[in-house]
Amino acid sequence: MSLLRLAGVNTYYGEIHILQNLTLDVGEGELVSLLGGNASGKSTTLKTILGLVRPRTGAVEFAGEDVTQRATSYRIARGIAIVPENRRLFAPMTVLENLEMGAYLNRDGKGRKEDFERVYTLFPFLHERRHQLAGTLSGGEQQMVAMGRALMSHPKLLLMDEPSMGLAPILVERSFEIIQQVHQAGVAMLVVEQNANMALSIADRGYVLATGRLVLEGPAKQLLEDEGLRKAYLGR
Ligand SMILES: Nc1ncnc2c1ncn2[C@@H]1O[C@H](COP(=O)(O)OP(=O)(O)OP(=O)(O)O)[C@@H](O)[C@H]1O
Ligand SMILES: [Mg+2]
């Protein structure tokens, strides 16, 4: 059974039809990449999963439950978290305070302490720099804070919107290593990327969107070999 399933989703902004009959799955613990060019509907897909926009028709199912009509807060409480486009950290706050913002759903102090320990074990850097202002960290370091913050809510599924954006090549590699690390810790991920090569190199499966429609899907290895995709996105 899938952890996440979009079934025949049609999402509009006003009268503009963006996502067109989109069906996709993410299994428990699976790493799936969602590829596509600018304005193809990648971020809209993540917004639809989180309930920031509602599909006009079709369903969003998470952990065996139809959440299409549920509020974003409900979906987050059920185990969905996001690292948004451009990371959106609270720049004038410390690393520690940023992590706390990700834990706001956690009521009891004990659970929260365990969440800090789990995130600090995964990213010792965040513990070392916990008192540094987030806005003074490098891009790659901010990426780690954004992932740590998302993981504070102990999600089953982590959505990531273009983690490589704005990072120097060496940091892109580091960023994908971190994604693999989180994946190996058992968190399912849906990673939106324009960097198709890099995204597919770590993914189990991939989907390719073009103007709101799926044009290709399959195991990551198979997509990496796909002639059409290579021409369109992989630049070789
Ligand atoms: N709030 C909105 N109101 C109207 N149109 C929107 C809104 N948000 C996005 N769109 C439009 O929907 C289309 C898909 O946008 P989306 O942000 O999902 O693309 P994307 O694949 O994430 O692109 P990028 O790679 O540039 O981030 C675009 O044409 C965009 O202009
Ligand atoms: Mg986007």
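The values are calculated or read from the model by the stated rules, or taken from the named source; none is laboratory data. Please read these numbers as outputs of a predicted model, since none were measured by experiment. Cβ coordinates were reconstructed from backbone atoms using ideal geometry, including for glycine residues, and neighbour counts include every protein chain displayed.
Going through segment 78-107 one residue at a time, which ones are away from ligand 1 (no atom under 16 Å from the Cβ), within 30 Å of V60 (Cα to Cα) and not aliphatic (A, V, I, L, M)?
If the condition is that a residue be away from ligand 1 (no atom under 16 Å from the Cβ), within 30 Å of V60 (Cα to Cα) and not aliphatic (A, V, I, L, M), then R78, G79, F90, N98, E100, G102, Y104, N106, R107 are the ones that fit.
Within segment 1-20, which residues are crowded, with 18+ Cβ neighbours inside 10 Å and over 12 Å from V60 (Cα atoms)?
The answer is I18, L19.
Select, from T94, T72, the only residue that is over 13 Å from the mean Cα position of the chain (by Cα) and in the same structural domain as M147 (by TED's automatic domain parsing).
T94
Which residues, counting only those in segment 86-115, are in contact with a helix residue (DSSP H, G or I) (Cβ under 7 Å, 6 or more places away or on another chain) and in a helix (DSSP H, G or I)?
Correct list: V95, N98, L99, M101, G102.
Looking at (1) assigned to a loop (DSSP other than H, G, I, E, B); (2) surrounded by fewer than 17 Cβ atoms within 10 Å (Cβ to Cβ); (3) more than 16 Å from ligand 2 (Cβ to nearest atom); (4) at pLDDT below 95, find the lone condition where H131 falls short.
Failing condition for H131: (4).
Mind telling me which of the residues Q143, Q184, Q180 ends up being assigned by TED's automatic domain parsing to the domain that holds V26 and within 13 Å of the chain's Cα centre (by Cα)?
Unique residue meeting the criteria: Q180.
Considering each residue of segment 164-176, count those that are more than 15 Å from the chain's Cα centre (by Cα) and within 16 Å of ligand 2 (Cβ to nearest atom), and give that number.
Result for segment 164-176: 2.
Restricting to segment 140-155, name every residue that is small (G, A, S) and either surrounded by 24 or more Cβ atoms within 10 Å (Cβ to Cβ) or in a helix (DSSP H, G or I) (or both).
Once the filter is applied, which keeps residues that are small (G, A, S) and either surrounded by 24 or more Cβ atoms within 10 Å (Cβ to Cβ) or in a helix (DSSP H, G or I) (or both), segment 140-155 yields G140, A146, G148, A150.
So G58 fits all but one of (1) surrounded by fewer than 17 Cβ atoms within 10 Å (Cβ to Cβ); (2) in the same structural domain as P163 (by TED's automatic domain parsing); (3) of a type in the set (G, A, S); what number is the exception?
So G58 meets the others, but not (1).
Run down T23, T68 and say which single residue is loosely packed, with under 15 Cβ neighbours inside 10 Å and more than 14 Å from ligand 1 (Cβ to nearest atom).
Every option except T23 fails the conditions.
Name the residues in segment 185-214 that are within 14 Å of ligand 2 (Cβ to nearest atom) and either buried (at least 24 other Cβ atoms within 10 Å of the Cβ) or within 27 Å of M152 (Cβ to Cβ) (or both), would you?
L190, V191, V192, E193, N195, A199, L209
Only one of (1) free of Cβ contacts under 8 Å to residues at least 60 places away in the same chain; (2) closer than 22 Å to H183 by Cβ is not met by K110, so which one is it?
Just one mismatch for K110, condition (2).
Out of all the residues in segment 171-198, which are assigned to a helix (DSSP H, G or I), out of contact with any helix residue (DSSP H, G or I) (no Cβ under 8 Å at 6 or more places or on another chain) and among the hydrophobic types (A, V, I, L, M, F, W, C)?
Within segment 171-198, no residue meets the criteria.
Can you name the number of the only condition in (1) within 16 Å of ligand 2 (Cβ to nearest atom); (2) buried (at least 22 other Cβ atoms within 10 Å of the Cβ) that I179 fails?
Result: I179 passes all but (1).
Out of L126, L158, which single residue is touching a helix residue (DSSP H, G or I) at 6+ places or on another chain (Cβ under 9 Å), buried (at least 20 other Cβ atoms within 10 Å of the Cβ) and under 19 Å from R75 (Cβ atoms)?
After applying the criteria, what remains is L158.
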